[in-house]
Amino acid sequence: MNIKVLKDNGLSKTEMRDIYAASLIEMIENGEPVMITDADLMRPIGILPYLKKYPENIFDCGIAESNMIGVACGLSAEGFIPFTHTFACFASRRVMDQVFMSGAYAKRNVKMVGSDPGICAGLNGGTHMAFEDVAMMRVVPEMTIVEPTDTVMLKNILPQIAHSYGMTYIRLCRTHTEEIYEEGSSFELGKAAMLRDGGDVTIIAAGREVVEAINAAKQLEEIGIEARVLDMFTIKPIDTEAVIRAAKDTGAIVTAENHNVIGGLGGAVAEVLAANMPAPVEMVGVKDVFGQVGSTETLKEYFGLTADDIAAAAKKAIARKNGSQ
């Protein structure tokens, strides 16, 4: 990996969906056997402008998500690399049998994009707010789960995903995200990216919570607490070595995710620690409730996913480490 972290984080000029579409089209133009399937959301994910130019590589399967997965598994059986897309709520809840049986059990090579997970669903509300998708996909054997952090990472990691055989679930916010990495940064599937080092506590974050983790670390630094920040963009298989090293070096862990605290990143980290290096763990995430309607910023406050929440969890984890709670 060659990671370069920006000093200041602002909204990206390019949307995530634009990078997603452009990256797949580039692979098609390079002669790679990429097939794009969608569940009647081609415009929202940015693929529609390319449909007329590449009609043999892009298919709209309609509002039939389970069938789309079946089609993709058939394409995989014929040697293609299919990318599927629908909203995260449908990409997880609605298609599980096809994902498990036609995909994972049959050893297929399908790359499934679930867009607008968690509070990224915003005004679409509770019905479309997937806080459980990672938990569902984690229990599928041999499934890879990736949550790209920003446009720089997405551009670098998509070809790696395409060239890594097997079922992959990609959690993707469609619109602008906070810029974390400098252009030219490179990443490795299955390896966490360290954004800051520190010896007092480690914050392990994924997706849109990474910028909150960085801001929390800056808050903590002001009061003399040095926080390590890890971007755990590959949630499965998790970087076990990085988690164990963090527990050894800092002795206190905070996880931060745009997901239910049950079954997601926090659970994955806790499982690693329980088996290898027990340490206090505080989980910042959605506390086992349904989604709501609101702006992303409002929902971030409502569900307790802010930098302030992460900083408070870090102080609690340190207190537990020191036996002073």
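Can you give me the number of residues within the stretch 257-274 that are in a helix (DSSP H, G or I) and under 22 Å from residue 198 (Cβ atoms)? Matching residues across the stretch 257-274 total 7.
Within the stretch 52-75, the only residue that satisfies the criterion of being surrounded by 24 or more Cβ atoms within 10 Å (Cβ to Cβ) and small (Gly, Ala, Ser) is 72.
When the residues of the stretch 200-214 are filtered to those that are charged (D, E, K, R) and either assigned to a strand (DSSP E or B) or under 16 Å from residue 145 (Cβ atoms) (or both), the one that is least open to solvent (accessible area, probe 1.4 Å) is 209. Total residues in the stretch 150-180 satisfying the condition of being under 16 Å from residue 229 (Cβ atoms) and surrounded by fewer than 22 Cβ atoms within 10 Å (Cβ to Cβ): the figure is 2. Looking only at residues in the stretch 236-256 that are part of a helix (DSSP H, G or I) and of a type in the set (Ser, Thr, Tyr), the one that is surrounded by the most Cβ atoms within 10 Å (Cβ to Cβ) is 250. In this structure, does residue 226 turn out to be within 18 Å of residue 147 (Cβ to Cβ), touching a Gly at 6+ places or on another chain (Cβ under 9 Å) and touching a residue at least 12 places away in the same chain (Cβ under 8 Å)? Answer is no for this residue. Reported count of residues in the stretch 274-306, each being farther than 22 Å from residue 132 by Cα and either open to solvent by less than 30 Å² (accessible area, probe 1.4 Å) or in contact with a helix residue (DSSP H, G or I) (Cβ under 7 Å, 6 or more places away or on another chain) (or both), is 4. Restricting the stretch 165-199 to residues that are assigned to a strand (DSSP E or B) and more than 18 Å from residue 250 (Cβ to Cβ), the residue that is modelled with the lowest pLDDT is 178.
Yes/no matrix, rows are residues, columns are (1) of a type outside the set (Lys, Arg); (2) under 16 Å from residue 146 (Cα atoms):
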position	(1), (2)
233	yes, yes
239	yes, yes
248	no, no
251	yes, no
259	yes, yes
279	yes, no
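Summed over the stretch 10-42, residues that are open to solvent by less than 40 Å² (accessible area, probe 1.4 Å) and either over 20 Å from residue 165 (Cα atoms) or in contact (Cβ under 8 Å) with a residue 40 or more places away in the chain (or both) total 18.
Residue-by-condition table, conditions (1) assigned to a helix (DSSP H, G or I); (2) at pLDDT below 95; (3) in contact with a Phe, Trp or Tyr (Cβ under 6 Å, 6 or more places away or on another chain):
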residue: 119; (1), (2), (3): yes, no, no
residue: 122; (1), (2), (3): yes, yes, no
residue: 127; (1), (2), (3): yes, yes, no
residue: 135; (1), (2), (3): yes, no, no
residue: 142; (1), (2), (3): no, no, no
residue: 154; (1), (2), (3): yes, no, no
residue: 157; (1), (2), (3): yes, no, yes
residue: 162; (1), (2), (3): yes, no, no
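I need every pair where a residue in the stretch 144-165 that is farther than 23 Å from residue 10 by Cβ has its Cβ under 7 Å from the Cβ of a residue that is among the aliphatic types (A, V, I, L, M) and part of a helix (DSSP H, G or I), sequence separation at least 6 or different chains. Close Cβ pairs satisfying both conditions: 145/134; 145/137; 146/157; 146/161; 159/27; 162/27. Of the residues that make up the stretch 221-238, is at least one in contact with a Pro (Cβ under 9 Å, 6 or more places away or on another chain), of a type in the set (A, V, I, L, M, F, W, C) and under 24 Å from residue 174 (Cβ atoms)? Yes: one or more hits. For the stretch 117-128, filtering for residues that are over 10 Å from residue 264 (Cβ atoms) and touching a strand residue (DSSP E or B) at 6+ places or on another chain (Cβ under 9 Å) leaves 6.
Of all the residues in the stretch 77-94, those that are open to solvent by less than 10 Å² (accessible area, probe 1.4 Å) and not hydrophobic (A, V, I, L, M, F, W, C) number 5.
The values are calculated or read from the model by the stated rules, or taken from the named source; none is laboratory data. On a predicted model such as this, the values are computed, not experimentally measured, just so you know. Methodologically, a virtual Cβ is constructed for each residue, glycine included, from the backbone with ideal geometry; neighbour enumeration extends over all protein chains shown. Areas reflect the complete protein model, heavy atoms only, side chains present, ligands, DNA and RNA absent. Shrake-Rupley method; radii C 1.70, N 1.55, O 1.52, S 1.80 Å.
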